[in-house]
Amino acid sequence: MFKKLLAAAGVGGAEVETELFTPGVQPGGTVEGVVRLRGGNVGQDIAHIAVEFVTRAEQEYEDHEAVRDIAFGRTGVHGPLHLPPGAVLDFRFAARAPMETPITFYNGRHLPGTVVSLRTIVEIHGAVDAADTDPIGVGALPAQHVLLEAVERLGFHLRSADVEAGRVHNTPQTLPFYQEIEFAGSPHYPRLNQLEVTFVATETGMSVVLEADKRGGWLSEGRDVFDALWVDYQHLGGVDWAGELHHRLARLAH
């Protein structure tokens, strides 16, 4: 569907359509497509065409929480250029998804609560910038798949995932948000009400942060407990990850 762009004169605006050749991607992969502009009744000067990834993130304030779209991984496509009346121009692009892109699919299942889109930005001289947004699926990296599968083997049940604005300390995070994948508690760890897993991926490995809601005991109150580990992609297959996670979770539950 072509989306109308506002002409500088207020009438006869151009239209934009983005077609994705790769509707799915993994972090670090490339989304390819074409941005198609169709001229209106008047010519328009286009300052710049770009594409960027967008995710919906929860932002905590002092007294409330709000949800906002955060753009990341912007890629220039073309510009400046003049779009004559009625002309149709195509511009191919290849946009690389950052390694920290939130995932929306794992093991063939959609992760409810996480949305990632590719947004096309067309900057027009003398007019409001226009945007065309297309949802995309982001599949788990092999290392993320292995770790999530290990968590499920320990009896935790996948519930949802969300994106939080902010930073995770002591990780190589570069984007202004992080994803939390939430699991309901496991019968093997009765003192842990739920578990949240955060991945901060890089080109060579990833930080895995575990946050559990620990139930209080006779002499202690309930609280959040944390642990973190580093996964080296080269050594992914040589580790019993369920055993490693069990050791860490048993210590958190103690």
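Divide, for region 123-183, the radius of gyration over alpha carbons by 2.2 N^0.38 Å, where N is the residue count.
So the Cα radius of gyration is 1.67 times the expected 2.2 N^0.38 Å.
Ignoring ligands, DNA and RNA, what percent of the 1.4 Å accessible area of the chain is carbon and sulfur?
Numbers: 6440 of 12480 Å².
Carbon-and-sulfur percentage of accessible area, whole number: 52.
Sorted from largest down, give the three principal axis spans of the alpha carbons of region 56-119, whole angstrom values.
Principal axes ranked by extent give 49, 36, 22 Å for the Cα atoms.
Which three lengths, in whole Å and largest first, does region 146-253 cover when its Cα atoms are put on their principal axes?
Between the extreme Cα coordinates on each principal axis of region 146-253 lie 45, 33, 23 Å.
Excluding Gly79 itself, calculate the net charge of residues whose Cβ lies under 11 Å from the Cβ of Gly79, where each Lys or Arg counts +1 and each Asp or Glu counts -1.
Residues near Gly79 contribute -2 overall.
How high is the relative contact order of the chain, in percent, counting Cα pairs under 8 Å that sit 6 or more residues apart?
With pairs under 8 Å counted, the relative contact order is 16 percent.
With a cut-off of at most 13 other beta carbons within 10 Å, and DSSP calling the residue loop, which GluC sites (Glu not before Pro) in region 141-234 qualify? Please list them.
Glu203, Glu221
Less than 14 Å Cβ to Cβ from Pro190, Lys/Arg counted +1 and Asp/Glu -1: what total charge do the surrounding residues give?
My count for the surroundings of Pro190 gives +2.
Which whole-number value in Å² is the accessible area per residue of region 113-254, probe 1.4 Å?
It amounts to 48 Å² per residue over region 113-254.
Plugging the Kirkwood radius over Cα pairs into Stokes-Einstein for the chain, at a temperature of 20 °C and a viscosity of 1.002 mPa s, what D comes out in µm²/s?
Stokes-Einstein gives a translational diffusion coefficient of 105 µm²/s.
Lys and Arg at +1, Asp and Glu at -1: add these up for the other residues within a Cβ distance under 13 Å of Val54 and post the number.
Net charge around Val54: 0.
Going by alpha carbons, how many degrees (0 to 90, nearest 10) lie between the helix axis of 142-153 and the longest principal axis of the chain?
40 degrees
Starting from the Cα gyration tensor of region 49-173, take the square roots of the eigenvalues, sort them a ≥ b ≥ c, and report rounded, prolate or oblate (rounded when a/c is under 1.5, otherwise prolate if a/b is larger than b/c, else oblate). Working shown, then result.
On the way: a/c = 2.70, a/b = 1.87, b/c = 1.45.
Prolate, since a/c reaches 1.5 and a/b exceeds b/c.
Mind checking which of Pro176, Thr202, His247 is farthest towards the positive end of region 176-254's charge dipole, using Cβ charges of +1 (Lys, Arg) and -1 (Asp, Glu) about the Cα centre?
His247
Given the -39500 (n - 2.57) contribution per DSSP H run of 4+ residues, what per-residue ellipticity at 222 nm results for the chain, rounded to the nearest 500 deg cm²/dmol?
Calculated mean residue ellipticity at 222 nm is -3000 deg cm²/dmol.
Cα centroid distance between region 22-43 and region 142-219, in Å?
Answer, in whole Å: 33.
The values are calculated or read from the model by the stated rules, or taken from the named source; none is laboratory data. No experiment lies behind these values; they were computed from the predicted model shown. FYI the Cβ positions are ideal-geometry reconstructions off the backbone, even for glycines, and counts take in every protein chain you see. Please note that ligands, DNA and RNA were not included when accessible areas were found on the heavy atoms of the full protein model with its side chains. Shrake-Rupley method; radii C 1.70, N 1.55, O 1.52, S 1.80 Å.
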